[in-house]
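One structure below.
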Amino acid sequence: MNSLTVQRSEALTGQVRVPGDKSISHRAVLFGSLADGVSRVRGFPRGGDCLATLECVRRLGIEIEEAGADELLIHGRGLHGWQEPSLPLDCVTSGTTMRLLAGLVAGAGIFAVLSGGPQLSRRPMGRVAEPLRKMGAIVLGRQRGTLPPLAIQGGNLRGIDYRLPIASAQVKSAILLAGLFTHDLTVVVEPGPSRDHTERMLRAMGAPVHTLGAKITSEAPTTPLQPLDLRVPADMSSAAFLLTAAVLVPGSVITLEDVVLNPTRRGLFDILRRMGADLRISEETEVCGEPVGHITARPGPLTATTVAGEMVVRAIDELPVLAVAATQAHGITTVRNAEELRVKETDRISTVVAELRKLGAHIEAQPDGFIVEGPTPLRGAVVDSHGDHRLAMALCIAGLLAHGETTIMDTECMADSFPGFERVLVKLGAEVS
């Protein structure tokens, strides 16, 4: 089991580019395989989750050349070009891979088994299986199709009008993707906004995907999907840990380059600004329908806040590091409506609370979130990531603030989303060993 030891830090300074956005990278590989022609994707991250998607698409008969350390050439074969795989599609730990693949396999008219490791096998899949069955796919799995592995027989789907019980980009995407293979209209209605990378990328490729308020529609394209040519912008969820570090460590100035600024992904950025953080955007541009820019972060006195409703959806992956920031904010920070945290890689409510308490944080678990009282001096201790990459990185940031030495156990999992995270911290001036 790998571990990292982090010392209390002096000022962190520098300009870096974090790995390419996971959500966009998953979709670039999957959608590029459906295009008519060769898609070029630069800035592809080498994290475990995205590599799982890459290998699954290869097992579906798609040629993918690795033209450089982070460049892919995806030889798309059109909407109906996938071949039935001879082996299960191993999604490893990636829920995004499994849920988006489920929608595409259902539409593609092939049979496939979607599997994963122990961590993924505990994550709920009924929310995807139910609408796909309504569209006509056969979806089998453990506990009546609610847990992986999933066996899917697709084909001959019909469009549906489906109201999501909770806002979920992955479930929404699975339904919209299956809708590309129907002969009538598929409609998804969201209870609140969720990530819209699927809609943006498909529209950029020429797919008939339309958004009107909370309603999103898809249907079979009348012309082939156009290949992609993009440089994947930097991942806001990865940038969040460094932004939080810069906001909390006195004297820091960090600039993060080319970060995706999609409004559905800016939750933590907006929360930290509301709390008083000094965060500024520059060099704004657009990539494949996605807003992108540089972010410069400096410390500022933080005031506690309440996070609930649609803001939770916009910041769901960053809530573990928000808990760290809340330990240094003046007042009581409350996070609610975040029960989705309990079905991530770990029960992130329980694990975040348990591990931050070891460092001296005043944090209490709630059924749907947590309450943090600050500011509280943190003290070094031995803590455990529980194999959760987001928690591991959040604990590293906490270690930069703690008096003494903090050892984080089981840090190999950080490579799932941010390979080389510890090296970036060192480059910025942290003591990590």
Taking a ≥ b ≥ c as the square roots of the Cα gyration tensor eigenvalues, with a/c under 1.5 meaning rounded and otherwise prolate when a/b beats b/c, else oblate, which class fits the range 316-393? oblate
Tell me the angle of helix 169-179 to the major Cα principal axis of the chain, expressed in degrees between 0 and 90 and rounded to the nearest ten. 10
How far is helix 22-32 tilted off the main Cα axis of the chain, in degrees rounded to 10, range 0 to 90? 20
The local net charge around Thr407, scoring Lys/Arg +1 and Asp/Glu -1 for residues other than Thr407 whose Cβ lies under 15 Å from its Cβ, equals -4
Simple spin-label estimate for Glu364/Ile166, 7 Å along Cα→Cβ, in nm, reads 2.3
Whichever aspartates and glutamates have a C-alpha closer than 18 Å to that of Lys172, once near sequence neighbours (fewer than 8 apart) are set aside: Glu130, Asp161, Asp184, Glu190, Asp196, Glu199, Glu219, Glu310, Asp317, Glu340
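Could you tell me whether the range 208-247 comes out rounded, prolate or oblate from its Cα gyration tensor? Rule is a ≥ b ≥ c as square roots of the eigenvalues, rounded for a/c under 1.5, then prolate if a/b exceeds b/c, otherwise oblate.
Since a/c reaches 1.5 but b/c is at least a/b, the shape of the range 208-247 is classed as oblate.
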The answer for the chain, accessible area per residue at 1.4 Å probe in Å², is 36
Which of the peptides 231-238, 212-219 is most tightly packed, and how do the rest follow, judged by the mean count of other Cβ atoms within 10 Å per residue? 231-238, 212-219
Just the number, please: carbon plus sulfur as a percent of the accessible area of the range 126-203, 1.4 Å probe, no ligands or DNA/RNA counted. 51
For the range 70-197, what does the alpha-carbon gyration tensor say about shape, rounded, prolate or oblate, given a ≥ b ≥ c as the root eigenvalues, a/c under 1.5 as rounded, and a/b over b/c as prolate? rounded
Could you work out Rg/(2.2 N^0.38 Å) for the chain, with Rg from alpha carbons only? 0.95
Residues with amide H under 5 Å of Met125's amide H, sequence separation 5 or more or different chain, H placed in the peptide plane at 1.01 Å from N; which? Leu147
Phi-based couplings in Hz for the range 275-290 (Karplus 6.51, -1.76, 1.60; Gly and Pro marked x): 7, x, 5, 8, 10, 10, 10, 9, 6, 6, 8, 9, 10, 6, x, 10
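The values are calculated or read from the model by the stated rules, or taken from the named source; none is laboratory data. Just so you know, these numbers come straight off a predicted model, no measurement behind them. Cβ atoms come from the backbone with ideal geometry, glycine included; neighbour counts cover every protein chain shown. For the accessible areas, the whole protein counts, side chains as well, though only heavy atoms, and no ligand, DNA or RNA atoms are used. Shrake-Rupley method; radii C 1.70, N 1.55, O 1.52, S 1.80 Å.
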